[in-house]
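The values are calculated or read from the model by the stated rules, or taken from the named source; none is laboratory data. The structure presented is a predicted model; accordingly, all values stated were derived computationally and were not measured. Note: ideal-geometry Cβ built from the backbone for every residue, glycine included; neighbour counts use all protein chains shown. The area values use the complete protein model at the heavy-atom level, side chains included, leaving out ligands, DNA and RNA. Shrake-Rupley method; radii C 1.70, N 1.55, O 1.52, S 1.80 Å.
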Amino acid sequence: MSPATMEKIVSLCKRRGFIYPGSEIYGGLSGTWDYGPLGVELKNNVKNLWWRMFVQERDDMYGMDAAILMNPKAWEASGHVAGFTDPLSDGSKFNTMFRTSVGAGAEAAVSYLRPETAGGIFVNFKNVVDSFHPKLPFGIAQIGKAFRNEIAPRDFLFRVREMEQMEIEYFVQPHAWEKSFEEWRQAMYRYIEAVGIARTAVHELEVPEDERAHYSKRTIDFEFDFPFGRKELCGLAYRTDFDLSAHAKSSGTDLSYLDEETKERFVPHVIEPSLGVDRAILALLVSAYTEDELGGETRTYLKFNPSVAPIKAAVFPLLKNKPALVSKAREVYALLKADICKLKAVAWDDNGNIGKRYRRQDEIGTPACITVDFQTLEDGTVTLRDRDTGAQERVAVSELTGRIAA
Ligand code: ATP
């Protein structure tokens, strides 16, 4: 049983500078959260891992970054203007797209903040095909903000009004969708595990027809055991040729694909793995949150994988009033910053006793702590302390770079 409660997680996130309530000094704005100095590092790491696995390491994927504002005709064609609604308590339907106006005065036109990143991908399908001539199957990936005027935002990062999504539209031959659907199902688990979300806490839900989005012929929700219940973390949907066909019809642009080998022309079908960055971070925090006993004291720590930990290593001079120790520790700190961890990923701390410094780093999930002491001045070794076990060993400064996982 996870010791993580929402209260503990929300409080740690605020106290340690991961996530703050949006516009807090004005009493907040429901459904918004601001990522602080550690939160933004964590979030970037989560996004970078996804980008690396699904765009950079593959030959069949193309990345893009489309505008949030789109011609409103795109949202009419995709069915969102008519159907992106949630029921209100009186039985009427409420469209959860944020309306905004583009331009001034009489020129102003109604548009929407995109409710999903997928739209920007579909309207660029032809551009990518014309520039790169990819062979099917291939995918286009995008990470970016999406907005939904949720009727009842709740549960911290779980249901927010401004979020970020990581989405892939994977274009396939119409008859080949089941194979790709299965491949992406496995790929999603690979990412879930790589980022550090416990796979045992993820459960698939085959979404029944009457609950599926208007464009989907098959959807699997990947649900996670959040402290407030088993809820959707991410989804995998078979969107058929719904979007490309609808945009082709509405825009008058041919969005079909010519198979060079068979000379067949058709509209590709689409498999869509979709993951909310904020929900991923919440699931990650719940998975990483650990309480244990170390050296006879209880402690709280975040068991992040080094690949997503905002700080990879922290360097301490044993005592802050011994100039020789401090300057040696500064040297080690500069070496690590330049060599492995780059910029902000190495922390410096000379506040309070060593035990307190360890606890502070544990609580923000730093995998390695390095202490420079008097022996360092004699033989060039430091104490390297492991976050999870608390075990300490002497390591030569020259070997540190290879010993710290980043
Ligand atoms: P829900 O049923 O929980 O409202 P959904 O089925 O509408 O979610 P999708 O349209 O499938 O969600 O969006 C894809 C992903 O975007 C979701 O799996 C989730 O990770 C994320 N997401 C959707 N809505 C929100 C939200 N309001 N806050 C945070 N993340 C969200």
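Of the strands (runs of 3 or more DSSP E) entirely within region 259-318, those holding at least 1 residues that are within 14 Å of the ligand (Cβ to nearest atom) and either basic (Lys, Arg) or touching an Asp or Glu at 6+ places or on another chain (Cβ under 7 Å) (or both) occupy 269-276. Within the bounds of region 3-17, is there any residue that is exposed (fewer than 14 other Cβ atoms within 10 Å of the Cβ) and either of a type in the set (Gly, Ala, Ser) or in contact with a Leu (Cβ under 9 Å, 6 or more places away or on another chain) (or both)? Yes, region 3-17 has at least one match. If you go through region 1-34 and keep only what is of a type in the set (S, T, N, Q) and either within 30 Å of residue 63 (Cβ to Cβ) or assigned to a helix (DSSP H, G or I) (or both), you end up with 11, 32.
Once region 85-112 is narrowed to residues that are of a type in the set (Asp, Glu) and exposed (fewer than 10 other Cβ atoms within 10 Å of the Cβ), the residue that is farthest from residue 214 (Cα to Cα) is 107.
For region 219-234, taking the residues that are open to solvent by 10 Å² or more (accessible area, probe 1.4 Å) and in contact with a strand residue (DSSP E or B) (Cβ under 8 Å, 6 or more places away or on another chain), the one that is nearest to residue 4 (Cα to Cα) is identified as 225. Do we have any residue at all in region 293-309 that's more than 19 Å from residue 49 (Cα to Cα), open to solvent by 70 Å² or more (accessible area, probe 1.4 Å) and of a type in the set (Ser, Thr, Tyr)? Within region 293-309 (the criterion being more than 19 Å from residue 49 (Cα to Cα), open to solvent by 70 Å² or more (accessible area, probe 1.4 Å) and of a type in the set (Ser, Thr, Tyr)), the answer is yes, since at least one residue qualifies. Does region 24-34 include one or more residues that are in the same structural domain as residue 191 (by TED's automatic domain parsing), open to solvent by less than 10 Å² (accessible area, probe 1.4 Å), among the hydrophobic types (A, V, I, L, M, F, W, C) and farther than 30 Å from residue 135 by Cα? For region 24-34, residues in the same structural domain as residue 191 (by TED's automatic domain parsing), open to solvent by less than 10 Å² (accessible area, probe 1.4 Å), among the hydrophobic types (A, V, I, L, M, F, W, C) and farther than 30 Å from residue 135 by Cα: absent. If the condition is being hydroxyl-bearing (Ser, Thr, Tyr) and without any contact (Cβ under 8 Å) to a residue 40 or more places away in the chain, then region 173-199 contributes only 189.
For residue 254, state whether it is away from the ligand (no atom under 12 Å from the Cβ) and buried (at least 19 other Cβ atoms within 10 Å of the Cβ). No; evaluated as a whole, the condition is false for this residue. Taking region 139-247 and the strands (runs of 3 or more DSSP E) fully enclosed by it, the elements with 2 or more residues that are within 26 Å of residue 128 (Cα to Cα), touching a Ser or Thr at 6+ places or on another chain (Cβ under 6 Å) and within 11 Å of the ligand (Cβ to nearest atom) are at 162-172, 229-240. Across region 292-308, the qualifying residues are those that are of a type in the set (Val, Ile, Thr) and in contact with a strand residue (DSSP E or B) (Cβ under 7 Å, 6 or more places away or on another chain), and the one among them that is modelled with the lowest pLDDT is 298. Residues of region 348-391 that are hydrophobic (A, V, I, L, M, F, W, C), within 17 Å of residue 306 (Cα to Cα) and either touching a helix residue (DSSP H, G or I) at 6+ places or on another chain (Cβ under 7 Å) or not assigned by TED's automatic domain parsing to the domain that holds residue 317 (or both): 364, 369, 370, 384. When residue 132 is tested against the conditions (1) modelled with pLDDT of 95 or more; (2) open to solvent by 10 Å² or more (accessible area, probe 1.4 Å), the lone failure is (1).
Selection of strands (runs of 3 or more DSSP E) fully inside region 358-406 by the criterion of at least 2 residues being surrounded by fewer than 18 Cβ atoms within 10 Å (Cβ to Cβ) returns 392-396.
Contact list please: Cβ distance under 6 Å, first residue in region 226-237 and touching a residue at least 60 places away in the same chain (Cβ under 8 Å) and among the β-branched types (Val, Ile, Thr), second residue open to solvent by 10 Å² or more (accessible area, probe 1.4 Å) and near the ligand (Cβ under 7 Å from one of its atoms), pairs at least six apart or on different chains. Every condition considered, no pair remains.
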